[in-house]
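Chemist: Sharing a structure here in structure tokens format.
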Amino acid sequence: MSADTKQNTITIDGQEIPFLAGQTIMDAALAAGVYIPHLCHRQGLTPHGSCKLCVVDADNRSVSACTMPAVAGQRISNNTPALNEVRKTITQMLFIEGNHICPSCEKCGDCTLQAMAYHLGMLDGHFPQFFQRRKVDASHPTIMLDRDRCILCELCVRASREVDGKNVFAIAGRGINAHLIVNSASGKLVDSDLETSDMAAHICPVGAILIKEHGYEVPIGQRTFDLHQVSEIGLEKTILTKARQPDE
Amino acid sequence: MKNVSDADSNTAGTTGLIHSIIAKAYTESPHLLHVLYTLQQQCLHISEEAVHKVAAHLDLPHSQVDSVVEFYSFFHKIPRGRYDILFSNCTSCGYMAGGVDLMAILGQRLGIVASNTRNDGLVSMGQTSCIGMCDHGAALLVNGMPIVNLDAAMIARIAALVEAEIPLEDWPSGWFQVDDNIRVSGLLLKDRLSAGTGLRAMLALGAADTLSKIIQSGLRGRGGAGFSTGMKWQFCREAQGAAHYVVCNADEGEPGTFKDRVLLHSHADSLFEGMTVCAFAVGAKQGYLYLRGEYRYLLPHLQSVLARRRKLGLLGVDILGQPGFSFDIDIVVGAGAYICGEESALIESLEGKRGIPRVRPPFPVTHGYRGQPTVVNNVETFIAAAHIVLRGSAWFRAVGTGKSAGSKILSISGDCAAPGIYEYPFGVTIRQVLHDCMAKDAQAVQVGGPSGTLIGSTEFDRRLSFDDLSTGGSLMVFSQARDLLAVIVNFAHFFAHESCGFCTPCRAGTTLLKNGLDKIAGGHGTRYDLDEMQRLATLVKCRSHCGLGQTAANPILDGLQRFPQVFGQRLVHRDFEPHFDLDAALEEARQISHRDDAAAHIE
């Protein structure tokens, strides 16, 4: 056993970390309590590798930690000023391509994108805004979809398919016109089978999918990221539990 | 099924029509792209209702059909004209290639603005990425048919033909004449294989020896990446799966590349022979040729070659009487998406999805089409394989350099007197190539297309090979007279348009690069903007998900390194200049108020 463990290790920023066959760099890091920034990754869902916040340099090659299998002996740089600068720029890209309204967003303080920006020391959007026109879908009686704030992480797409056993969301369009669509004949949320109890209704890391009639129940100052750092391991469960209503 | 009585007759008629189009298309080919193409062609758009019906008929999620329609450039939710005209916007075969804006001229004649359909529904006009006619001057597609060697006089005649609603069959046939323009022939182009000779040699060898022959030949993928073809086949052969597949990547989308068009046109037999050799070596029963939508006009020809090969017993069951060796090839046509040239995106597209590159590993050799072991190779690679099986690996290795065996077929275009197809042994210098194509005063050469390398005259002694200048086949020449910044801007627009949108660095980054370059080219850039370009380009290159993003910034980085003056001379010498141009922002207001006097401008 100990021989096995010794053999199956990777090194992240000089720290030796064990891994099991089939684990990604992200899996191994999180299991060992090492934080690698991420937005589109959630344990239990198929790794996606699209947000690129989790870029690390493995043996001097840039890879996504959430999709790259851990390989014995891998030497990985993660928490370095250069990589965090890259991550900050990517976070700025996510801010300026959408239309984010942090101060008035219901997700303020519970938003992982916002927390990521604070974590990386982002002070502004830096780039000129794209000011894209994106549609709001308020058709559903209990769930609201505001594409202005969508970061195309596809957590809702995967949660719906892999956890809820439905297929409510998909991405359509190409390039900068990529956008979240709803799988219903009308394209409206109301005609889909999305329910408030679905994981897909709660997993949104930003304020693109919101539960109606539950605004500001937790005051600013007592929200997830007022009390926690985004880099705390295992926080996903806290966020998800917090987002769900207790009676669900 | 449907209740016709209570719907208005027009709607019922449309509904019935859509249904019958879908049903008929589906029996021709069950591929989603084919069904959508047929709808687009016959209804001039794919309506919400059509999306709904396709989803029902093909038993696919509504969202999948919808997302595919919105992904590919040749599918439209808003009706196109009965004449749908798409100008190439490539630097070699684009509407500006002759120095005049042909699209603007046609727009003026027809009273139409680019990317719009005229109100009477007669005609629509727009631009599209390189259509692979780069050795034929400015070119366009009208209802999918290429017209080449355009000039202003032809544009005037086209406008008149459209207005008179003359069917395409009655337009001057010479306009549609696309030539091979083979200028230098080498290993592969010199002699055409007669159909079946490669297969007979292969059967005599047996599968294992066929594979070793390919490995020993040192053949590497001709798409540009240069992976050992024999090793790829071997990995696929060894991979466990319910079925193995052979896929030919004929999605030649790199601007400036057109050699596959010529190979498909004049060497289709060798291509299908090479695919069959691969099938034999890896144990595949089904193959696919993924043909780029821009080359759809080659489809009848390719289908006839396939039919002839079936008749000759070179495809189908028990090929050449070999019991148990069965293989056939279907053709799937793309619909305008450069990203589908990336092999895993191509497989996604084959499966009827958006062309989004997959996470790798696993690689297609173990998890490809429908999750099964799949070989994806370039057109030229398969043709080389067919020749190698017949003539031997030593014959192939005798040409080229140590690590780059054999020959490379180049598509040469741009500022040279003899654009066309040139086949050279690997190791040829750029200088030699420029001499042969009669490029008199080249200041720069784009090797391997926009995703490749931009080099200047001090590097013309560099060689084409996998260890020096690697290329998928595109070679664009730019003379001293050429505005290189305009070229780099063109490429940046291309990548922003073709980014699939999956990963953040490429999705947002290619647009930021495009906008930044536009600012510099527009005379509003500062030193700061230039530094930003460098920083952003490096990030996009290093951190993107796939080859598209990883190469999209190459022209900018190469340009900044080798031709800093083309950027420098456009800069304004201020510390900072805002992206927001106050005067340009007033343009809409000026148009509405019909004013253009001094007081309507802000300087």
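The values are calculated or read from the model by the stated rules, or taken from the named source; none is laboratory data. For clarity, every value in this text was computed on a predicted model and none was experimentally measured. We place every Cβ from the backbone using ideal geometry, glycine too, and count neighbours over all the protein chains shown.
Chemist: Condition first: farther than 18 Å from B:ALA486 by Cβ and among the aliphatic types (A, V, I, L, M). Now tell me which residues in segment B:522-536 satisfy that. Write out each step before concluding.
Modeler: Let us first name the residues in segment B:522-536 that are farther than 18 Å from B:ALA486 by Cβ, namely B:526-528, B:531-532, B:534-536.
Listed by number, the list holds a single entry, B:LEU536.
Chemist: Looking at the structure I just gave you, is A:VAL157 aliphatic (A, V, I, L, M), under 16 Å from A:LEU39 (Cα atoms) and more than 8 Å from chain B (Cβ to nearest Cβ)?
Modeler: Values: aliphatic (A, V, I, L, M): yes; under 16 Å from A:LEU39 (Cα atoms): yes; more than 8 Å from chain B (Cβ to nearest Cβ): yes.
Against the criterion (aliphatic (A, V, I, L, M), under 16 Å from A:LEU39 (Cα atoms) and more than 8 Å from chain B (Cβ to nearest Cβ)), A:VAL157 qualifies.
Each row is one residue, and each column tells you yes or no for (1) in contact (Cβ under 8 Å) with a residue 12 or more places away in the chain; (2) crowded, with 23+ Cβ neighbours inside 10 Å; (3) not β-branched (Val, Ile, Thr).
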| residue | (1), (2), (3) |
| --- | --- |
| B:SER479 | yes, no, yes |
| B:HIS493 | yes, no, yes |
| B:GLY509 | yes, yes, yes |
| B:GLY516 | yes, no, yes |
| B:TYR528 | yes, no, yes |
| B:GLN534 | yes, no, yes |
| B:VAL540 | yes, yes, no |
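Chemist: Still on this structure, I have one more. Scan segment B:30-40 and tell me whether some residue there is crowded, with 17+ Cβ neighbours inside 10 Å, in contact (Cβ under 8 Å) with a residue 60 or more places away in the chain, farther than 20 Å from B:LEU291 by Cα and outside the structural domain of B:GLY253 (by TED's automatic domain parsing).
Modeler: Scanning segment B:30-40, I find no residue that is crowded, with 17+ Cβ neighbours inside 10 Å, in contact (Cβ under 8 Å) with a residue 60 or more places away in the chain, farther than 20 Å from B:LEU291 by Cα and outside the structural domain of B:GLY253 (by TED's automatic domain parsing), so the answer is no.
Chemist: Can you tell me which residue within segment B:359-385, out of those that are under 17 Å from B:GLY547 (Cβ atoms) and in contact with an Asp or Glu (Cβ under 7 Å, 6 or more places away or on another chain), is nearest to the other protein chains (Cβ to nearest Cβ)?
Modeler: B:PRO364
Chemist: Tell me, please, whether a residue that is among the acidic types (Asp, Glu) and out of contact with any strand residue (DSSP E or B) (no Cβ under 9 Å at 6 or more places or on another chain) can be found in segment B:291-312.
Modeler: The answer is no; no qualifying residue exists.
Chemist: Take the residues in segment A:186-212 that are surrounded by fewer than 16 Cβ atoms within 10 Å (Cβ to Cβ) and either within 27 Å of B:CYS500 (Cα to Cα) or under 19 Å from the mean Cα position of the chain (by Cα) (or both), then tell me which one is farthest from the other protein chains (Cβ to nearest Cβ). Even if it seems obvious, please write down each step before you answer.
Modeler: Going through segment A:186-212, the residues surrounded by fewer than 16 Cβ atoms within 10 Å (Cβ to Cβ) turn out to be A:186, A:188, A:190-191, A:193, A:195, A:197, A:212.
Going one step further and asking which of them are either within 27 Å of B:CYS500 (Cα to Cα) or under 19 Å from the mean Cα position of the chain (by Cα) (or both), we end up with A:186, A:188.
Values: A:SER186: 8, A:LYS188: 12 Å.
By that ranking, first place goes to A:LYS188.
Chemist: Given the conditions (1) β-branched (Val, Ile, Thr); (2) part of a loop (DSSP other than H, G, I, E, B); (3) closer than 25 Å to B:LEU390 by Cβ, which single one is not true for B:THR257?
Modeler: All conditions are met except number (3).
Chemist: Moving to a separate point now. Determine if segment A:56-66 includes at least one residue that is at the interface with another protein chain (Cβ under 10 Å from one of its Cβ atoms), surrounded by fewer than 22 Cβ atoms within 10 Å (Cβ to Cβ) and among the basic types (Lys, Arg).
Modeler: Yes, because at least one residue in segment A:56-66 is at the interface with another protein chain (Cβ under 10 Å from one of its Cβ atoms), surrounded by fewer than 22 Cβ atoms within 10 Å (Cβ to Cβ) and among the basic types (Lys, Arg).
Chemist: Suppose we keep only residues that are among the charged types (D, E, K, R) and either assigned by TED's automatic domain parsing to the domain that holds B:CYS90 or under 15 Å from B:GLY198 (Cβ atoms) (or both) within segment B:261-320. Which one would you say is surrounded by the most Cβ atoms within 10 Å (Cβ to Cβ)? So that I can check it myself, show each step before the final result.
Modeler: Kept after step one, since they are among the charged types (D, E, K, R), are these residues of segment B:261-320: B:261, B:269, B:273, B:285, B:292, B:294, B:296, B:308-311, B:318.
Now restrict to residues that are either assigned by TED's automatic domain parsing to the domain that holds B:CYS90 or under 15 Å from B:GLY198 (Cβ atoms) (or both): B:269, B:273, B:309.
Numbers: B:ASP269: 23, B:GLU273: 29, B:ARG309: 23.
The selected residue is B:GLU273.
This table checks each residue for (1) over 24 Å from A:GLN229 (Cα atoms); (2) in contact with a Gly (Cβ under 8 Å, 6 or more places away or on another chain); (3) surrounded by fewer than 24 Cβ atoms within 10 Å (Cβ to Cβ); (4) without any contact (Cβ under 8 Å) to a residue 24 or more places away in the chain.
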{"residue": "A:PHE19", "(1), (2), (3), (4)": "yes, no, yes, no"}
{"residue": "A:ILE25", "(1), (2), (3), (4)": "no, no, no, no"}
{"residue": "A:VAL34", "(1), (2), (3), (4)": "no, no, yes, no"}
{"residue": "A:GLY44", "(1), (2), (3), (4)": "no, no, yes, no"}
{"residue": "A:SER50", "(1), (2), (3), (4)": "no, no, no, no"}
{"residue": "A:ALA82", "(1), (2), (3), (4)": "no, no, yes, yes"}
{"residue": "A:VAL86", "(1), (2), (3), (4)": "no, no, yes, no"}
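Chemist: A further question on this structure: Do the conditions hold for B:GLY198, that is, is it among the small types (Gly, Ala, Ser), surrounded by 17 or more Cβ atoms within 10 Å (Cβ to Cβ) and in contact with a helix residue (DSSP H, G or I) (Cβ under 7 Å, 6 or more places away or on another chain)?
Modeler: Spelling it out, B:GLY198 is indeed among the small types (Gly, Ala, Ser), surrounded by 17 or more Cβ atoms within 10 Å (Cβ to Cβ) and in contact with a helix residue (DSSP H, G or I) (Cβ under 7 Å, 6 or more places away or on another chain).
Chemist: Name every residue in segment B:326-351 that is assigned to a helix (DSSP H, G or I) and either among the basic types (Lys, Arg) or over 19 Å from B:THR551 (Cα atoms) (or both), in order of residue number.
Modeler: Residues satisfying the conditions are B:ILE347, B:GLU348, B:SER349, B:LEU350.
Chemist: Also, quick follow-up: Hey, could you check segment A:71-112 for residues that are within 14 Å of chain B (Cβ to nearest Cβ) and of a type in the set (A, V, I, L, M) and say which is farthest from the chain's Cα centre (by Cα)?
Modeler: A:VAL71
Chemist: Being surrounded by fewer than 18 Cβ atoms within 10 Å (Cβ to Cβ), of a type outside the set (Val, Ile, Thr) and more than 12 Å from chain B (Cβ to nearest Cβ) is true for just one of A:ALA115, A:ALA138. Which residue is that?
Modeler: Details: A:ALA115 fails: surrounded by fewer than 18 Cβ atoms within 10 Å (Cβ to Cβ).
When all the criteria are applied, what remains is A:ALA138.
Chemist: Sticking with this structure for a sec: Given the criteria out of contact with any helix residue (DSSP H, G or I) (no Cβ under 6 Å at 6 or more places or on another chain), within 25 Å of B:GLY132 (Cβ to Cβ), of a type in the set (Gly, Ala, Ser) and assigned to a helix (DSSP H, G or I), does B:GLY223 qualify?
Modeler: no
Chemist: Of everything in segment B:494-515, what is basic (Lys, Arg) and more than 7 Å from chain A (Cβ to nearest Cβ)? Give them in sequence order.
Modeler: Hit for segment B:494-515 is B:LYS514, nothing else.
Chemist: Given the residues A:ASN167, A:ASN183, A:ASN177, which is the only one that is facing another protein chain (nearest Cβ under 9 Å), in contact with a Lys or Arg (Cβ under 6 Å, 6 or more places away or on another chain) and not hydroxyl-bearing (Ser, Thr, Tyr)?
Modeler: After ruling out the rest, the residue left standing is A:ASN167.
Chemist: Of the numbered conditions (1) crowded, with 21+ Cβ neighbours inside 10 Å; (2) among the polar types (S, T, N, Q); (3) not in a loop (DSSP other than H, G, I, E, B), B:SER451 satisfies every one except a single condition; which is it?
Modeler: It is condition (3) that B:SER451 fails.
Chemist: Please go through segment B:552-581 and pick out each residue that is within 14 Å of chain A (Cβ to nearest Cβ) and either in a helix (DSSP H, G or I) or more than 26 Å from A:GLN129 (Cα to Cα) (or both).
Modeler: B:ALA552 - this is the single residue of segment B:552-581 that is within 14 Å of chain A (Cβ to nearest Cβ) and either in a helix (DSSP H, G or I) or more than 26 Å from A:GLN129 (Cα to Cα) (or both).
Chemist: Please tell me if B:ALA584 is modelled with pLDDT of 95 or more and not β-branched (Val, Ile, Thr).
Modeler: The answer is no for B:ALA584.
Chemist: Looking only at segment B:458-477, filter to residues that are in contact with an Asp or Glu (Cβ under 9 Å, 6 or more places away or on another chain) and surrounded by fewer than 22 Cβ atoms within 10 Å (Cβ to Cβ); which one of those is farthest from the other protein chains (Cβ to nearest Cβ)?
Modeler: B:ARG462
Chemist: Report yes if some residue within segment B:483-493 is aromatic (Phe, Trp, Tyr), within 14 Å of another protein chain (Cβ to nearest Cβ) and within 19 Å of the chain's Cα centre (by Cα); otherwise report no.
Modeler: no
Chemist: Here's another thing I want to ask about it. Going by what's in this entry, would A:VAL163 be described as more than 29 Å from B:ALA508 (Cα to Cα), aliphatic (A, V, I, L, M) and modelled with pLDDT of 95 or more?
Modeler: On the way: more than 29 Å from B:ALA508 (Cα to Cα): yes; aliphatic (A, V, I, L, M): yes; modelled with pLDDT of 95 or more: yes.
Yes, satisfied.
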